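Encoded as structure tokens, the structure appears first; notes follow it.
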Amino acid sequence: MTFDHQNLPLSPTEARVLATLMEKARTVPDSYPLTLNSLASGCNQKTSREPVMNLSEADILSALDSLRDRHVVIEVSGQRAMRWEHNFERVLGVPSQASALLGLLMLRGPQTAAELRTNAERWHRFADTGSVEAFLEELQDRSADKGGALVQLLPKAPGAREARWAHLLCGAPSLAAPGGASSDHSAPALDCVDARRIEALEARVEMLEAQVQRLCAALGE
């Protein structure tokens, strides 16, 4: 099945749920596929997300139902709870490198090719920024018979050194300036040190959760 513009646009919630599954499949494979609880935690992370969201389990289940109807997520049986995995690459017909870039754009918003290379470190190690740009250009030049372009190079913002790329899975991108306010205007901004510390802690928690799940499986609980 081909994922084309009849399947688009995704809602922001659907994009967040799908991209979170794509991220966790690469960064915490031991705890993947994800339970609803783990998926909710990933969707609502305070770091590596733009905008930060506060989705309820009902919001996520509704998005999963819609994504399942489009065949981009699959429900699988777990030992204690239903789990979910994505089917993004096969349905869209894109390589894993391009999938990583699309997932990052859905999670973090528009980014330059250099930013994408840095942020993709846990997803896929690109050799250089040029290789990132090559995959982005392929996604932008995607033919109509394959569903059309999936990314767009945005006009360079005033004072910016590089132009940013945006995905088209939720329709035409907003041309808001980078670093604009998130949907939660009351949330204070984190400085870079705090953001890195929280991201490292979240990764540690994910690893520990995976270890607990393996122990429970070994004990038959």
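The values are calculated or read from the model by the stated rules, or taken from the named source; none is laboratory data. Computed from a predicted model, the values in this text were never measured in an experiment. Virtual Cβ from ideal backbone geometry, glycine too; neighbours counted across all protein chains shown. Note: accessible area is taken over every heavy atom of the protein model, side chains too, but ligands, DNA and RNA are not part of it. Shrake-Rupley method; radii C 1.70, N 1.55, O 1.52, S 1.80 Å.
Has the stretch 67-80 got at least one residue that is closer than 17 Å to LEU169 by Cβ and touching a Lys or Arg at 6+ places or on another chain (Cβ under 7 Å)? No - not one qualifying residue is present in the stretch 67-80. Considering the stretch 118-134, the residues that are assigned to a helix (DSSP H, G or I) and of a type outside the set (Val, Ile, Thr) include one that is most open to solvent (accessible area, probe 1.4 Å), namely GLU133.
Hey, does the stretch 96-107 have a residue that's open to solvent by less than 30 Å² (accessible area, probe 1.4 Å) and either among the β-branched types (Val, Ile, Thr) or assigned to a loop (DSSP other than H, G, I, E, B) (or both)? No: zero hits. Just one residue in the set SER41, SER31, SER66 is under 21 Å from SER96 (Cα atoms), of a type in the set (Ser, Thr, Tyr) and either at pLDDT 95 or above or more than 13 Å from the chain's Cα centre (by Cα) (or both); that residue is SER31. Please verify whether the stretch 52-68 includes one or more residues that are part of a loop (DSSP other than H, G, I, E, B), in contact (Cβ under 8 Å) with a residue 60 or more places away in the chain and under 27 Å from GLU162 (Cα atoms). Yes, the stretch 52-68 contains at least one residue that is part of a loop (DSSP other than H, G, I, E, B), in contact (Cβ under 8 Å) with a residue 60 or more places away in the chain and under 27 Å from GLU162 (Cα atoms). Across the stretch 135-181, which residue is modelled with the highest pLDDT among those that are farther than 23 Å from SER99 by Cβ and surrounded by 14 or more Cβ atoms within 10 Å (Cβ to Cβ)? Going through the qualifying residues, I end up with ALA157. Is it the case that THR2 is of a type in the set (Ser, Thr, Tyr), at pLDDT below 95 and either closer than 22 Å to LEU101 by Cβ or in a helix (DSSP H, G or I) (or both)? For THR2, the condition - of a type in the set (Ser, Thr, Tyr), at pLDDT below 95 and either closer than 22 Å to LEU101 by Cβ or in a helix (DSSP H, G or I) (or both) - is met.
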